[in-house]
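Undergrad: Below: one structure in structure tokens.
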Amino acid sequence: MAERVIPLVDQRISGLAAPRPVQPIPATGQLADRLHRPLRDLRISVTDRCNFRCSYCMPKEVFDKDYPYLPHADLLSFEEITRLARQFVAHGVRKIRLTGGEPLLRKNIEILIAQLAQLRTVDGQPVELALTTNGSLLARKARALREAGLQRVTVSLDGLDDTVFRRMNDVDFPVAQVLEGIAAAREAGLGPVKVNMVVKRGTNEHEILPMAQHFRGTGTVLRFIEYMDVGATNGWRMDEVLPSAEVVQRLHAAFPLRALEPAAPGETAERWAYEDGAGEVGVISSVTQAFCGSCNRARLSTEGKLYLCLFASQGWDLRALLRGGAGDEEIASAVGAIWHQRGDRYSELRGQVPPDAGGARRRVEMSYIGG
Ligand code: SAM
Ligand code: SF4
Ligand code: SF4
């Protein structure tokens, strides 16, 4: 019988020990890394599980019933997440996004949202609170999420054609239910709702125009994302990437566009307006146009490791600090020291690393640190 191969070194076992600086690094909201990038955005993965098996993220052959997901005791509790998040906010974070895996699978997620909604930025403003979801449970949960204090959702949707969509999620999930979720989010006031479509050349590129047509003029902002070489399991190939420039060309030919200014510094999406006033559309060119120079994001994994880049191979173990009895000042100092030494800029360097350098094999999975 063929042996089962998991082409993945389990990054969850080894973490980097969080530093304990001799001189405390107080949280002043002014933190900058080695490339002078501030810390503004925190993504928190609340589960490594998902009910979809998108082949570019959790291919079925790897994430099957024998896959070693994290046991519950290893996950950060809501109290632990909130305690860490408070230190990040004190260091300058203004926006928190919950992600996963599928974040709506985490039981009682509303309780966490209610806790995070209490946090205030260094200028005394509420933290911007958003969530990225595959939309499968959104119709049921949108209202409760809003009532708990969630402000916005981003829904991932890779096509409108039911056959294409069922094939992409690889669990035969119907597109109609995700569309119901988007409508429910809008009604609940979780807007403006954004919809993210990962474009894979040869798989769903023919869905670009129908998706644009569907969401134009609805107030829902559609963004096309280049298929990325995240993780170590999706078998990524450059020839399956459809560059954003080509997406824009195709859109422009059908619905004339004009470029818009970025809404905020560090924003990853390039924004375009429909000339006829039917709203806007965006492209995220993670592969063909690196935006590392303005990357102000940190990622907290499901079990409390801090990752400084989507393509990092190791994370800093903040859970060990928490569970070892560290005080808030110690945690703030550790976060400060970790961010100070950050020099990550994978996308800018992509292609310069020889393919045999083993980088891909060591990379952490997107379902574990969140997108
Ligand atoms: N399950 C939720 C969802 O799908 O929205 C949240 C987690 S998912 C990892 C976050 C985002 O990452 C999704 O929009 C997904 O499409 C995107 N993503 C996952 N793998 C990707 C890849 N290889 N290239 C580009 N985007 C990817
Ligand atoms: Fe699940 Fe989101 Fe990954 Fe798809 S992209 S497998 S929905 S975590
Ligand atoms: Fe940020 Fe890393 Fe992506 Fe560059 S490659 S934009 S540093 S997450």
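Undergrad: I'd like the residue in segment 142-170 that is open to solvent by 10 Å² or more (accessible area, probe 1.4 Å) and farther than 21 Å from I208 by Cβ and, out of all such residues, is nearest to ligand 1 (Cβ to nearest atom).
TA: R152
Undergrad: I'd like the full set of residues that are within 16 Å of ligand 2 (Cβ to nearest atom) and among the small types (G, A, S), limited to segment 299-323.
TA: Within segment 299-323, S301 is the sole residue that qualifies.
Undergrad: Would you please name the residue that is surrounded by the most Cβ atoms within 10 Å (Cβ to Cβ), looking only at residues in segment 123-141 that are charged (D, E, K, R) and under 21 Å from I111 (Cβ atoms)?
TA: Of the residues in segment 123-141, the ones charged (D, E, K, R) are 123, 128, 140-141.
From the residues that got through so far, the ones that are under 21 Å from I111 (Cβ atoms) too are 128, 140-141.
Numbers: E128: 16, R140: 13, K141: 21.
If we take residues in segment 123-141 being charged (D, E, K, R) and under 21 Å from I111 (Cβ atoms), then K141 is surrounded by the most Cβ atoms within 10 Å (Cβ to Cβ).
Undergrad: Taking segment 286-313 as the search range and keeping residues that are in contact with a Phe, Trp or Tyr (Cβ under 8 Å, 6 or more places away or on another chain) and among the polar types (S, T, N, Q), which one is nearest to ligand 3 (Cβ to nearest atom)?
TA: S301
Undergrad: Looking at segment 292-319 only, could you name the residues that are in a loop (DSSP other than H, G, I, E, B) and farther than 20 Å from W236 by Cα? Break it down into steps so the answer makes sense when it comes.
TA: Our first condition is that a residue be in a loop (DSSP other than H, G, I, E, B); within segment 292-319, this holds for 295-296, 301-304, 308-315.
The answer is C295, N296, S301, T302, E303, G304, L308, Q314, G315.
Undergrad: Would you tally the residues in segment 214-240 being among the aliphatic types (A, V, I, L, M) and either modelled with pLDDT of 95 or more or closer than 20 Å to G191 by Cα (or both)? Full working, then the answer.
TA: First, the residues of segment 214-240 that are among the aliphatic types (A, V, I, L, M): 221-222, 225, 228, 230, 232, 238.
Still in the running and either modelled with pLDDT of 95 or more or closer than 20 Å to G191 by Cα (or both): 221-222, 225.
Residues in segment 214-240 being among the aliphatic types (A, V, I, L, M) and either modelled with pLDDT of 95 or more or closer than 20 Å to G191 by Cα (or both): 3 in total.
Undergrad: If you don't mind, there's one more thing I want to ask. Which residue is surrounded by the fewest Cβ atoms within 10 Å (Cβ to Cβ), if the candidates are limited to segment 324-368 and must be aliphatic (A, V, I, L, M) and modelled with pLDDT of 85 or more? Walk me through how you get there before you give the answer.
TA: Let us first name the residues in segment 324-368 that are aliphatic (A, V, I, L, M), namely 326, 331-332, 334-335, 337-338, 349, 353, 357, 360, 364, 366.
In the following step, the residues that additionally are modelled with pLDDT of 85 or more were identified as 326, 331-332, 334-335, 337-338, 349.
Numbers: A326: 17, I331: 21, A332: 22, A334: 23, V335: 27, A337: 17, I338: 23, L349: 13.
Selected residue: L349.
Undergrad: Report every pair of residues separated by at least 6 positions or lying on different chains whose Cβ atoms are under 7 Å apart, first residue within segment 57-80 and farther than 19 Å from K107 by Cα and in contact (Cβ under 8 Å) with a residue 40 or more places away in the chain, second within 14 Å of ligand 1 (Cβ to nearest atom) and part of a helix (DSSP H, G or I).
TA: What qualifies is C57/M366; C57/S367; M58/S367.
Undergrad: Could I ask something else about it? Take R12 and decide whether it is basic (K, R), modelled with pLDDT of 95 or more and open to solvent by less than 40 Å² (accessible area, probe 1.4 Å).
TA: Working: basic (K, R): yes; modelled with pLDDT of 95 or more: no; open to solvent by less than 40 Å² (accessible area, probe 1.4 Å): yes.
For R12, the condition - basic (K, R), modelled with pLDDT of 95 or more and open to solvent by less than 40 Å² (accessible area, probe 1.4 Å) - is not met.
Undergrad: Which numbered condition in (1) part of a loop (DSSP other than H, G, I, E, B); (2) within 12 Å of ligand 1 (Cβ to nearest atom); (3) within 22 Å of F255 (Cβ to Cβ) is the only one that G191 fails?
TA: (2)
Undergrad: Shifting gears a bit: Show me the strands (runs of 3 or more DSSP E) entirely contained within segment 94-187 in which 1 or more residues are touching a Ser or Thr at 6+ places or on another chain (Cβ under 6 Å) and touching a residue at least 60 places away in the same chain (Cβ under 8 Å).
TA: Values: elements: 95-99, 128-133, 152-156.
Output list reads 95-99, 128-133.
Undergrad: Sticking with this one: Which residues, taken from segment 251-291, are part of a helix (DSSP H, G or I) and buried (at least 17 other Cβ atoms within 10 Å of the Cβ)? Walk me through how you get there before you give the answer.
TA: Restricting attention to segment 251-291, the residues satisfying the condition of being part of a helix (DSSP H, G or I) are 251-254.
Within segment 251-291, L251 is the sole residue that qualifies.
Undergrad: Could you list, in sequence order, all residues of segment 15-64 that are outside any loop (DSSP other than H, G, I, E, B), surrounded by fewer than 17 Cβ atoms within 10 Å (Cβ to Cβ) and not small (G, A, S)? Break it down stepwise before answering.
TA: The first filter runs over segment 15-64 and keeps only residues outside any loop (DSSP other than H, G, I, E, B), leaving 16-17, 32, 38, 41-45.
Then drop every residue that is not surrounded by fewer than 17 Cβ atoms within 10 Å (Cβ to Cβ), which leaves 16-17, 32.
Correct list: L16 only.
Undergrad: Please indicate, with yes or no, whether at least one residue in segment 217-239 is among the aromatic types (F, W, Y), open to solvent by less than 50 Å² (accessible area, probe 1.4 Å), within 23 Å of the chain's Cα centre (by Cα) and within 16 Å of ligand 1 (Cβ to nearest atom).
TA: Our first condition is that a residue be among the aromatic types (F, W, Y); within segment 217-239, this holds for 224, 227, 236.
Applying the additional criterion that residues be open to solvent by less than 50 Å² (accessible area, probe 1.4 Å) yields 224, 227.
Keeping just the survivors that are within 23 Å of the chain's Cα centre (by Cα) gives 224, 227.
Keeping just the survivors that are within 16 Å of ligand 1 (Cβ to nearest atom) gives 224, 227.
Yes - at least one qualifying residue is present in segment 217-239.
The values are calculated or read from the model by the stated rules, or taken from the named source; none is laboratory data. What you see is a predicted model; the values in this text were computed from it and never measured. Cβ coordinates were reconstructed from backbone atoms using ideal geometry, including for glycine residues, and neighbour counts include every protein chain displayed. Just so you know, the surface numbers come from the protein's heavy atoms only, side chains and all, with ligands and any DNA or RNA stripped out. Shrake-Rupley method; radii C 1.70, N 1.55, O 1.52, S 1.80 Å.
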